[in-house]
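Derivation of every value follows stated rules applied to the coordinates shown; laboratory data play no part. Quantities reported herein were computed from a predicted structural model and do not represent experimental measurements. All Cβ positions, even for glycine, are placed from backbone atoms using ideal geometry, and neighbour counts span all protein chains on display.
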Amino acid sequence: MQQSSFSRGYALALLLLLLFWLAPLVAAAVPQVLLNGELLPLTPAPLESAGSVQLPLRALALALGGEQAAAWEGEVLDLKVNGQEIRLREGATEVEVNGSRRRLSAAVLRAGEDLYLPASLVAELLGYRSVWDEEKHILSLEAPLARVEALSYAERDGRPGFSIVATRPLRYEVRSLANPPRLVVDLYDARLAAGDPPVPGNSAIRGLRARQFAPTVVRVVADLVQPVSFAAERDPARPQQLNLRAYRVVTRASFSRTEGQGRLTIQGSAPLVYEVKVLESPPRLVVDLPQAVLQAAETEQAVDDPAVAKVRLSQFQPDLVRVVLDLKTPLSYRPVLTEDSRQVALELLDQVVGLQVEEVPGKTRVIIETTGATAFSALHLTQPERLAIDILGAAVSPQLQPVAGQGEGPVRQVRAAQFNSETARVVVDLTHSVGYQVVKEEGSHRIVVEINRSAVLGKRIVVDPGHGGADPGAFGRSGLREKDVNLDLGRRLAEVLQNRGAEVFLTRSDDTFVPLYDRAALANAQQGQIFVSLHANSFRHQYANGSEMYYYPGNEKAKRLAELISDELTGLGLANRAIKANKEFVVVREPKMPAVLVEVAFLSNPDEEKLLADAGFRQQAAEAIARGIERYFQEEGRAAAAQ
Amino acid sequence: MIAFVLLAAVAVGVAVWRQVRPPIQHPRGEIKLYFATRDGLYLVPESRPLPAAAGLTSAEERAFFIVRGLLAGPTQERLVPTLPPGTELLGLRIEGDVLTLDFNRALQENHGGGSTGELATVYSLVNSLVEGVPGVARVRFLIEGEPIETLVGHLDLSHPLAPDWSLVKPSP
Ligand SMILES: [Zn+2]
């Protein structure tokens, strides 16, 4: 307060002093100002003192096209002279020009309602040349003027606008005015040499008008079809050309979900430029659209979606539209192209948020939980055995941890990783090959992988390829040896069973002789749960054909196993001969486990010899036997469950 | 070790090592020889009248007669021989209820193999002999005097075998 009253008192004293000092000059000749040779009327007039001229800034601003007299803000005078923003304070020894300070050699003078600066300084600030004719009391200012040579309508990137071509890069100022909507472009240090272009203009502009608004200011007015902002920029290739382009109009933003794929669509009047930010707490997707104005009927829209709560639109800044997608969980996105180039479409990358392994009777279920995406494709991969479920339009949640399988399999673990920018991959690591199906769970956002748990999973099975080495077994007419058929069948059966998770033990895995009792002893040492001896039959008469099974009399489990294997082999078209009980087959009597001897078919029968010689048939036979074994263990499992 | 009397030839007759045992009084004048059906599924008996020769009253002579009949093969078209070609009986003996047969290598080497084939060979002998030779309950197989583990890789021939009547086709 004290300082303020002191300043005021000081200013008053200074003013009195000035008036006293200047009085004789004012009474003398009044200096005149010529701008590019033309008289620039200034009221109040410039002050002349000791060979220099002080120009009244407020009067100058008006003379150069200022819209209205600058206003005093206390002791501060803010004014705009020829497009330059100048802030003056009476008595100060500095001046602010376009925000930066300039020191003065003398204090700012005040006379009446105006403040004065030396003409040389003013000329420098304006970029003019100045000459003071002391005798004639004439100040000549030379402004280097750009000639405005052409006005034209233009449309680029779907955005209507107009261009102004001058002889030099223009200094300009753009304002939007309402009622009627129009755009005013002031071009400083400019001289109009162009005529108005013909009307009508284009989709945004009714017409263009230009006039010499002030001695150094050309004013171009664009009458607009509707109120819309414009962006102005010097043409990158021709700086002397000024391009004005209508802002994009954002009319709508909406969220939809089709076949599990969530999509945010922003509709514009022209191709939209945008920038997306993924923000957390609260999770949201922010789409900023610069040089855009919002003209939407709806600015907020609630969404009924597992991942999205709301879509909001706002004119976030005068030249920036912001679309916000309020999310229920943090999600990423990917841009997609649409047929309408004026649309921005972002597909939500839903997240895989949960993995779960669940055991149900006969099946292991892997449950994949997403925030919405349920489009998938499934692959069975080997070495090592695994399933890959690709979830389209999804990302893996960073919090997601691998899940271990339970018990003896077939699921070792379930893990998820980003396969590519648009696909999350869930991998189910398996202990062995499985039958499976992948389904969408109705009314949820879960994908369920149902893995058939084989009944042979974890079972210890002894497979006994008959004969071998010095014992060739039977011969076919073509020379096919039983021991070779048996070994191949045994290997195939072992593989099929192993692929279903069984622990398989072969009594021989190559062409070696193993005595009958040794085979049983090996099986007992391995503590097998069943024993299956594989043979190819032979009989004196070639008429004999079909499959035959042997088991030890009274062993009902072995009998059932024989029945089931026989049933499956019969399914291949082989004659169902017989299931015989006999006490003297070493390999069905000696193992301490249900044991069967399977004579698959007759090498002595020409038709069946052809079958046995065919690897494809042997594979079918191995699979049929495996099915029989599988059924046996299924029945065993049911019986155990019933107890 | 009890010595075996080798037979010079099946056709000439069989020299039998005799044990002390009661003479056999077979009730009927015929015996049954079990041959295989063509599909190998069953054994089917064929009857043979016992010749009136005096020697056939002994168990060994009856056993020899039976083996010779099996080696000769069936008379019916629908039946199939069960012993491989070239098979020769080298000797036989009876100890208690066990009849031991000693064959030449052809029994094994000329055999076509297969469980069905092995069952037919073994049980055509065992069933025929146990049924046809009173006092014999089991049959042991030797090849050239040596015990064998199996004939062609399926049945346990390391010990005397009892008959398996389940292989015999039930009468229609
Ligand atoms: Zn075999």
query: Taking segment A:438-532, which trypsin sites (Lys or Arg not before Pro) meet the DSSP loop condition and have no more than 16 other C-beta atoms within 10 Å?
result: A:R477
message: If I fit a long axis through the Cα atoms of helix A:482-499 and take the longest principal axis of the Cα atoms of chain A, what angle between them do I get, 0 to 90°, rounded to 10?
response: 40
query: Compactness ratio of segment A:350-413: Cα Rg over 2.2 N^0.38 Å, N = residue count?
result: 1.17
field: Cross-link pairs A:K483/B:K32; A:K328/A:K363; A:K459/A:K583 - those with Cα-Cα distance over 31 Å
entry: A:K483/B:K32; A:K328/A:K363
query: How far is the Cα center of segment B:121-137 from the Cα center of segment A:145-169, in Å?
result: 122
Prolate/oblate/rounded label for segment A:460-639 (Cα gyration tensor, a/c 1.5): rounded
field: Cα centroid of segment A:70-121 to Cα centroid of segment A:180-245, whole Å
entry: 31
statement: Taking every residue of B:63-72, the Cβ atoms of other protein chains inside 10 Å of its Cβ average out to 0
message: For chain A, take the longest principal axis of its alpha carbons; what is the angle in degrees between that and the long axis of helix A:2-27, to the nearest 10 within 0 to 90?
response: 50
message: With just the Cα atoms defining each centre, how far is segment A:478-520 from segment A:365-397? Give it in Å.
response: 38
field: Overall Cα dimensions of segment A:146-246 - principal axes, largest extent first, Å
entry: 30, 29, 22
- line: If one compares the long axis through the Cα atoms of helix A:615-642 with the longest principal axis of the Cα atoms of chain A, the angle in degrees, nearest 10, works out at 90
query: Could you give the nm distance between label points at B:D97 and A:A417, where each point is 7 Å from its Cα heading toward the beta carbon?
result: 7.2
field: For segment A:226-315, with +1 on Lys and Arg beta carbons and -1 on Asp and Glu, the positive-most of A:P227, A:V303, A:Q315 along the dipole
entry: A:P227
- request: Could you tell me the largest-minus-smallest coordinate of the C-alpha atoms of segment A:24-142 on each of the three principal axes, in descending order and whole angstroms?
  value: 36, 29, 24
query: For the charge dipole of the protein assembly as shown, defined by +1 on Lys and Arg C-beta atoms and -1 on Asp and Glu C-beta atoms about the Cα centroid, which residue among A:T258, A:I629, B:H111 has the Cα displaced farthest towards the positive pole?
result: A:T258
query: Can you pick out the pairs among A:K557/B:K169; A:K557/A:K592; A:K310/A:K440 whose Cα atoms lie more than 21 Å from each other?
result: A:K557/B:K169; A:K310/A:K440
- request: Compute the FRET efficiency between A:R101 and A:R129 as 1/(1 + (r/R0)^6), taking r as their Cβ-Cβ distance and R0 = 25 Å, and round to the nearest 0.05.
  value: 0.55
query: Taking only the alpha-carbon atoms of chain A, what semi-axes of the equivalent ellipsoid follow from 5 times the gyration tensor eigenvalues under a square root, in whole Å, largest first?
result: 102, 25, 20
The protein assembly as shown - charge dipole about Cα centre, Lys and Arg +1 at Cβ, Asp and Glu -1, debye rounded to 20: 540
Unit charges on C-beta of K, R, D, E only; dipole of segment A:350-452, Debye: 140
